[in-house]
Amino acid sequence: MNQPFQVDSEAFVHPTSVVDNGAAVGKFTKIWHFSHIATGAVVGENCSLGKWNYVERNAIVGNACRIGNSVSIFSHVELQDFVFCAPYMVFTHISFPRAAVNRHAVFRKTLVKTGTTLGANSTVVPDITVGMGTFLAAGSTLTKSTKDWAMMVGTPARHVGWVSAFGEKIDLPTSGSGEWKCGHTGDLYVLTGEEVVRHPGPKDLLKYRPGARLNRVRVT
């Protein structure tokens, strides 16, 4: 995301929040009460950050992300587009922290790919890649990289199924072969072995259009 370090004039920052000089906040993003965006942090367009959020230097929040209350995006954490972090979920960036040891020079990167949901009170450990569209259940602890569209449950989280980009359980086993089509989007999900590949429908729900105000799909 190649943006100048600035707050876009069409972004909203609540008066109780702080955006440090040298941070970037994109167009149409809303930052609510008591949040802090640090120098060197990047927040994309059309994001919504709730209360008591913190985005640290060298952290990246992609476009169209939704960050629930009391979530911290620490250094070396990168969220791609359309990532949902539910309230009180936690990222860590040191595997074996000690108060007597400074490990700032050896932080490990965590990459969260497009369309992922990280449930309330879940924990994501460092140095992993969270696959596209992963759905991490509330209260779970993710200790390893995930497959695209995987549903992960428990502590440590285990793979129990698949979830679509629209947010419905995909009726396919965790391994084998088969196809499933989303009735809302027309997306086709194809299982081969232990991998699911998504073929987007006529209108790709996860295709971001830069510079335009985002109208999220409403379920009625």
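Cross-link candidates for K109: which lysines have Cα within less than 17 Å, leaving aside residues fewer than 8 places away along the same chain?
Cα-Cα hits under 17 Å: K144.
So how far, in whole Å, is the C-alpha centre of segment 1-68 from the one of segment 114-172?
Using only Cα atoms, the two centres lie 25 Å from each other.
So what is log10(I(q)/I(0)) for segment 60-185 at q = 0.12, 0.15 1/Å, when the Debye sum runs over its Cα atoms only?
Treating every Cα as an identical point scatterer, log10 I(q)/I(0) equals -0.44, -0.67.
If the reach is capped at under 25 angstrom between alpha carbons, list the lysines near K203, excluding any in the same chain fewer than eight residues apart.
Hits, sequence-local ones excluded: K27, K113, K147, K169, K181.
Going toward the positive end of the dipole of segment 21-170, with +1 on Lys and Arg Cβ and -1 on Asp and Glu Cβ, which of C47, A24, S140 do you reach last?
The listed residue farthest towards the positive side: S140.
Considering amide H positions built from the backbone, and no H for Pro or chain starts, which residues 5 or more places from Y54, or on another chain, come under 5 Å of its amide H?
Placed amide hydrogens put H36, V71, S72, I73 under 5 Å from Y54.
Of all the Cα-Cα pairs you can form in segment 1-95, what percent are over 19 Å apart?
25
At 0.36 nm per residue, and after removing the present C-alpha to C-alpha distance, how many nm does the segment from T220 to R98 gain when stretched out fully?
Separation in residues times 0.36 nm, less the Cα-Cα distance, equals 39.1 nm.
Of all beta bridges DSSP finds with both residues in segment 73-214, what is the antiparallel percent, to the nearest 5?
50
Mind checking which of N58, N102, N121 has the largest fluctuation in a GNM of the chain, springs on alpha carbons under 10 Å?
Looking only at N58, N102, N121, the biggest GNM fluctuation is shown by N102.
Starting from the Cα-Cα distance between T143 and E179, subtract it from 0.36 nm times their residue separation and give me the gain in nm to one decimal.
Gain in length upon complete extension: 10.1 nm.
How big is the accessible area of S177 in square angstrom, nearest 10, if you roll a 1.4 angstrom probe over the protein chains?
Counting only protein heavy atoms, S177 exposes about 100 Å² to solvent.
Over segment 48-121, what lengths in whole Å, largest first, do the semi-axes of the equivalent ellipsoid take, defined as the square roots of 5 times the eigenvalues of the alpha-carbon gyration tensor?
One finds semi-axes of 22, 13, 10 Å for segment 48-121.
With a 10 Å radius around each residue's Cβ, average the other Cβ atoms per peptide and rank 211-219, 36-44, 135-143, 191-199, highest first.
Ranking the peptides 211-219, 36-44, 135-143, 191-199 by packing returns 36-44, 135-143, 191-199, 211-219.
How large is the accessible surface of D171 in square angstrom, using a 1.4 angstrom probe and rounding to the nearest 10?
Rounded to the nearest 10, the figure is 120 Å².
Based only on the alpha carbon positions, what is the Kirkwood hydrodynamic radius of segment 137-220, in angstrom?
Value: 14.2 Å, from the Cα pair sum.
Probe radius 1.4 Å, ligands and nucleic acids ignored: give me the carbon and sulfur share of the accessible area of the chain as a rounded percent.
C and S atoms contribute 51 percent here.
Using heavy-atom solvent-accessible surface (probe 1.4 Å) with all chains present, what is the largest-first order of W162, W32?
If we order W162, W32 from most to least accessible, we get W32, W162.
Are there any trypsin sites (Lys or Arg not before Pro) in segment 1-110 that are in a DSSP loop and have at most 10 other Cβ atoms within 10 Å? List them by number.
Loop-located and lightly packed - R98.
Expected output is a single nm value to one decimal: the length gained when fully extending between N21 and D171, i.e. 0.36 nm times separation in residues minus the C-alpha distance. What is it?
49.2 nm
Put S75, S48 in order of accessible area, largest first, 1.4 Å probe: what do you get?
S48, S75
Could you report the chain's accessible area per residue, 1.4 Å probe, as an integer in Å²?
Each residue of the chain exposes 51 Å² on average to a 1.4 Å probe.
Please compute the net charge surrounding T129, taking Lys and Arg as +1 and Asp and Glu as -1 over other residues with Cβ under 13 Å from its Cβ.
Its environment carries a net charge of +2.
The values are calculated or read from the model by the stated rules, or taken from the named source; none is laboratory data. None of the values given here were measured: they were computed from a predicted structure. In this analysis, Cβ positions are derived from the backbone assuming ideal geometry, glycine residues included, and neighbour counts consider all displayed protein chains. For accessibility, only protein heavy atoms count, side chains too; no ligands or nucleic acids. Shrake-Rupley method; radii C 1.70, N 1.55, O 1.52, S 1.80 Å.
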